[in-house]
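Some notes on the structure that comes next.
Only the coordinates and a few stated rules stand behind these numbers; no lab work does. The shown structure was predicted, so the numbers you read here are calculated from the model rather than taken from an experiment. Cβ placement follows ideal geometry from the backbone for every residue including glycine, while neighbour counts extend to all protein chains displayed.
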Amino acid sequence: MSTAEQQPDNPAPSTPDALLGPADIRELAAALGVRPTKQKGQNFVIDANTVRRIVRTAEVRPDDVVVEVGPGLGSLTLALLEAADRVVAVEIDDILAAALPATIEARMPAKKDRFALVHSDAMLVTELPGPPPTALVANLPYNVAVPVLLTMLDRFPSIERTLVMVQAEVADRLAAEPGNKVYGVPSVKANWYAHVKRAGAIGRKVFWPAPNVDSGLVSLVRRTEPIRTSASKEEVFAVVDAAFAQRRKTLRAALAGWAGSAAGAEAALVAAGVSPQARGESLTVEQFAAIAEHKPAPERPAL
């Protein structure tokens, strides 16, 4: 068990410094007329100890440019500004996006020029203001956590280190290794970009409202060398998607549609050094890449 996992998640009674405590969060929410909704996956962190722990676990450095997705009322944003050089926050909610700069200026005026807001859906963001981001740290909404994470890693290759707080079940999937029963599409695709591991557990009491599920921290350190393959990311991911769409079937059967036939799938698997009787959950991302390299050419219809 890591040091981060051993630490209790007891909400701090108050935060006399710049960070937001439980009373601050509720007061700010009331002033804005904000009520957290399940539809948007909103659960605000109300404990200053927890956000500082997240920043510490993320190993945020004084020279880091951190991008945060879904800053909400600004709990984690303020803690990131304490530690990083710059923070860029991406917020989709109109009310929250409008209020966040004022919160930063009121509670951390010396850092207001080191903060930038992007009012947008993170899935639509293709560029960020200022220097390229070096780190991604976020409390991701549970309903969009995986696509947002993979999209940000893909679009911003300058992101070297990532720490996200997600639903515990999602954290397990992202960090799962081949052979694990929860190993699947998120596990393989995250591994395409980075080395992934669980980095701690987060209790329910540090959120408002308290969710019905536990949360977990996931650390992703970008690969210094990309996966060696002549196949493109899209070609590799197509194999991954096909393999897990029918995960109970052998790869010979599961990849038949992808290869054009079961025989074609078997030929690609054998050429890649993978048993046709294997299943997707036993393969590494490198093995999926090898299979993608040997996709059979489509048969030409007879004249």
Exercise for review: Give, rounded to the nearest 20 debye, the magnitude of the charge dipole that region 167-303 has about its Cα centre when Lys and Arg contribute +1 at Cβ and Asp and Glu contribute -1 at Cβ.
Suggested key: 320 debye
Check your understanding: With a sphere of radius 15 Å drawn around the Cβ of ALA116, what net charge do the other residues whose Cβ falls strictly inside it have (Lys, Arg +1; Asp, Glu -1)?
Key -> -3
Review point. How far, in nm, would the chain grow between ASP17 and VAL221 when pulled straight, counting 0.36 nm per residue and subtracting the alpha carbon separation?
Key: 70.3 nm
Point to revise | Estimated FRET transfer efficiency (ASP121, ILE95; beta-carbon r; R0 25 Å; 0.05) | key: 0.95
Check your understanding: Hey, got the dipole for the chain? About the Cα centre, +1 on K and R Cβ, -1 on D and E Cβ, debye to the nearest 20?
Key -> 660 debye
Exercise for review: Against the globular-protein guess of 2.2 N^0.38 Å, express the Cα radius of gyration of region 131-230 as a ratio, rounded to two decimals.
Suggested key: 1.08
Check your understanding: So what is the relative contact order of region 200-303, in percent, for Cα pairs below 8 Å that sit 6 or more residues apart?
Key -> 24 percent
Review point. Any idea what the alpha-carbon Rg over 2.2 N^0.38 Å comes to for the chain?
Key: 1.12
**Study point:** Out-of-range pairs (alpha-carbon distance over 22 Å; input LYS181/LYS295; LYS189/LYS249; LYS233/LYS295)
**Key:** LYS181/LYS295
Check your understanding: Using a cut-off of 13 Å between alpha-carbon atoms, which aspartates and glutamates can reach LYS111, once sequence neighbours fewer than 8 places away in the same chain are excluded?
Key -> GLU82, ASP85
